[in-house]
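Q: Following this message is one structure expressed as structure tokens.
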2 protein chains.
Amino acid sequence: MSLIENLQKRAAVKKFDPSKKITAEQLDQLQSAIQLAPTSLGLQSFKVIVVQDAETRAKLRAAGYNQAQITDSSALFVFASLTSLDEAFGKKFIDLVADVRSVDRDSLAGLEQMVLGTLSSRTDEQKVAWSHKQAYIALGVLVSQAAEIGVDAAPMEGFDPAQFDEILGLKELGLTTSVIAAVGYRAEDDVYSKMIKVRRPKSELFIHV
Amino acid sequence: MSLIENLQKRAAVKKFDPSKKITAEQLDQLQSAIQLAPTSLGLQSFKVIVVQDAETRAKLRAAGYNQAQITDSSALFVFASLTSLDEAFGKKFIDLVADVRSVDRDSLAGLEQMVLGTLSSRTDEQKVAWSHKQAYIALGVLVSQAAEIGVDAAPMEGFDPAQFDEILGLKELGLTTSVIAAVGYRAEDDVYSKMIKVRRPKSELFIHV
């Protein structure tokens with residue numbers, strides 16, 4: 001089955017089957033896809049909190065308009081941007097590149113200059129907004145991977161980010177919530193996944209020049 | 001080949017082979033994936049300008065730090081957010097849902113209330129920022145689709161959005177540039193696609209709760 005066919009079958013599930021859990025292997029595949037998602041300059045300036053603990057999810061549900069997906073899915077993926085994208089962060093990234101590629105750090109002077117220049121040219125607020133957007137790329141890749149392996153993934157923006165930060169202790173970790181996605185299996189009586197998918201026609205969505 | 005394997009093989013190509021063009025079918029598949037990407041409330045509040053015209057691309061390249069990907073790829077995808085996400089936009093979306101699902105418009109009163117409420121609760125600036133993020137989800141899905149069909153896709157943020165808007169006449173169309181991606185085939189001597197992919201280890205990227 002092609003990705004397009006799988007994307008056609010996927011749905012923004014609202015009612016998950018709490019008794020049907022994804023396997024550890026599937027959870028790992030979803031994480032691999034997020035790990036492989038491209039990000040600006042390759043910085044990956046976010047983390048993903050994979051929440052399976054029932055008590056924590058009950059608290060998050062209260063901070064998410066009581067939406068059942070938060071507790072009834074197999075896992076809740078909470079994307080969170082790093083809040084301190086400073087020079088030390090940039091330099092540590094260059095250390096990582098040097099290490100992974102087994103190259104001399106000095107050979108990465110050009111990349112380092114670009115990374116540090118980009119970071120220093122933006123305010124903290126701009127950097128976090130930029131970082132949130134990178135998390136959205138990874139969210140798109142997560143949705144694609146879930147569709148491929150037949151797992152339902154429901155991205156969600158309807159929650160209170162400040163409360164999520166508080167419940168998950170993200171401030172202390174130097175993180176702030178970007179966006180979330182519930183993953184698992186749809187309940188048989190989920191009405192949303194039975195509805196016809198609404199998408200704008202290509203003639204409206206695309207302009208050819 | 002799985003999506004994960006394909007994502008492992010993909011690269012942020014810097015040098016495309018200008019003589020190697022993607023087919024019309026591949027271009028259509030990339031557009032299908034973007035069309036199927038999830039967006040908040042299903043609104044799809046962006047368009048994608050698919051630029052193949054050489055003259056336009058030469059101008060865009062000048063507004064994109066002279067990066068060769070802009071002219072040498074098969075096509076440049078310019079994601080652009082709608083700038084007017086007003087009540088009329090929300091109502092037209094409900095018309096679309098009613099039409100696609102062949103349901104009475106009145107049966108969508110709850111959805112309409114949610115859509116209009118969401119739109120009216122944000123400033124124009126907040127709505128455009130929100131809309132840009134939705135485009136980034138679609139960018140992630142585009143990258144996944146390209147990886148699946150063996151097409152190189154290089155997302156790019158290094159360009160002047162105001163100049164892009166100007167060159168493409170986006171203001172008049174009620175649009176403003178979000179992010180771009182060059183698609184095509186890597187040149188045989190592209191150095192970036194030969195480098196070892198750098199990704200943070202899962203132990204750093206994920207937190208389990």
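Q: Using only alpha carbon positions, build the gyration tensor of the protein assembly as shown, then give the equivalent ellipsoid semi-axes as the square roots of 5 times its eigenvalues, largest first, whole angstrom. Write out the running numbers ahead of the final one.
A: Details: eigenvalues 193, 146, 88 Å².
Those come to 31, 27, 21 Å.
Q: If you take every DSSP beta bridge whose two residues both sit in the protein assembly as shown, what share of them, in percent to the nearest 5, is antiparallel?
A: Numbers: 40 of 46 bridges.
Around 85 percent of the beta bridges assigned by DSSP in the protein assembly as shown are antiparallel ones.
Q: Per DSSP H run of at least 4 residues, take -39500 (n - 2.57); add these up for the protein assembly as shown, divide by its residues and hand me the 222 nm value, nearest 500 deg cm²/dmol.
A: -14000 deg cm²/dmol
Q: For chain A, what is the convex hull volume of the alpha-carbon atoms per residue, in Å³? Could you put the intermediate results ahead of the total?
A: Numbers: hull volume 35.5 nm³, N = 209.
Value for chain A: 170 Å³ per residue.
Q: Ok, one more. If you average the sequence gap of Cα pairs under 8 Å that are 6 or more apart and divide by the length of the stretch B:1-133, what percent do you get for the contact order?
A: Across the stretch B:1-133, relative contact order equals 26 percent.
Q: Give me a single rounded figure for B:175-185: the average over its residues of other chain Cβ atoms within 10 Å of their Cβ.
A: 1
Q: Using a 7 Å offset from Cα along the direction of the beta-carbon, what are the separations from B:Tyr192 to the same position in each other copy, nm, ascending?
A: Spelled out, the distances from B:Tyr192's label point are 3.6 nm.
Q: Residues of B:21-33, mean number of Cβ from any other protein chain within 10 Å of their own Cβ, rounded to a whole number? Please report the intermediate quantities before stating the final value.
A: Working: counts 0, 0, 0, 0, 0, 0, 2, 3, 3, 1, 4, 8, 6.
Taking the mean over all residues of the peptide, I get 2.
Q: How large is ³J(HN,Hα) for each residue in the stretch A:77-89, as worked out from phi by the Karplus curve 6.51 cos²θ - 1.76 cosθ + 1.60 (θ = phi - 60°), to whole Hz, x for Gly and Pro?
A: Along the stretch A:77-89, the couplings run 8, 10, 7, 9, 7, 5, 9, 10, 9, 9, 4, 4, 4 Hz.
Q: Please report Rg over Rh for the stretch A:59-160, where both radii come from the alpha carbon positions and Rh follows the Kirkwood definition.
A: 1.10
Q: What residue in chain B has the Cβ closest to the axis turning B into A, and how close is it in whole Å?
A: So the closest residue, with its distance, comes out as B:Gly140, 1.
Q: Right, another one. Convert each backbone phi in the stretch B:18-25 into a coupling constant with the Karplus relation 6.51 cos²θ - 1.76 cosθ + 1.60 (shift: θ = phi - 60°), then list the ³J(HN,Hα) values in order as whole Hz, x for Gly and Pro.
A: For the stretch B:18-25, the Karplus-derived couplings read x, 8, 10, 9, 6, 7, 4, 5 Hz, x marking Gly and Pro.
Q: Here is a follow-up. I need the fraction of alpha carbon pairs in the stretch B:100-166 separated by more than 17 Å, rounded to a whole percent.
A: On the way: 1480 of 2211 pairs.
For the stretch B:100-166, the fraction of Cα-Cα distances above 17 Å is 67 percent.
Q: A further question on this structure: At A:Leu111, with labels set 7 Å past Cα in the Cβ direction, how many nm apart are the copies from this one, shortest first?
A: 4.6
Q: Now a separate question. Which residue fluctuates most in the GNM of chain B (Cα springs below 10 Å): B:Ala37, B:Ala138, B:Ala162?
A: Between B:Ala37, B:Ala138, B:Ala162, it is B:Ala162 that shows the largest mean-square fluctuation.
Q: Run through the stretch B:61-136 and list the chymotrypsin sites (Phe, Trp or Tyr not before Pro) located in a DSSP loop whose Cβ has at most 14 other Cβ atoms within 10 Å.
A: B:Tyr65
Q: Further question: Non-local amide H neighbours of A:Ala75 (under 5 Å, H modeled in plane, Pro and chain starts lacking H): which ones?
A: It is A:Val183, by chain and number.
Q: Please sort B:151-158, A:170-177, B:101-108 by packing, taking for each peptide the average over its residues of neighbouring beta carbons within 10 angstrom, highest first.
A: Put in order of decreasing packing, that is B:151-158, A:170-177, B:101-108.
Q: Same structure, new question: Given 10 Å bins starting at zero, what is the percent of C-alpha pairs of the stretch A:1-91 in each, up to the one with the largest pair distance?
A: Histogram of Cα-Cα distances, whole percents per bin: 13, 35, 34, 15, 2.
Q: Using a Gaussian network for chain A with springs between C-alpha atoms less than 10 Å apart, which of these wobbles most: A:Ser32, A:Ser81, A:Ser121?
A: It is A:Ser121.
Q: Using a label position 7 Å from Cα in the Cα→Cβ direction, what is the ascending list of nm distances from A:Ala68 to the same site in the other copies?
A: 5.6
The numbers here are math on the coordinates, done by the rules we state, and not lab data. All values reported here derive from a predicted model rather than from experimental measurement. Methodologically, a virtual Cβ is constructed for each residue, glycine included, from the backbone with ideal geometry; neighbour enumeration extends over all protein chains shown.
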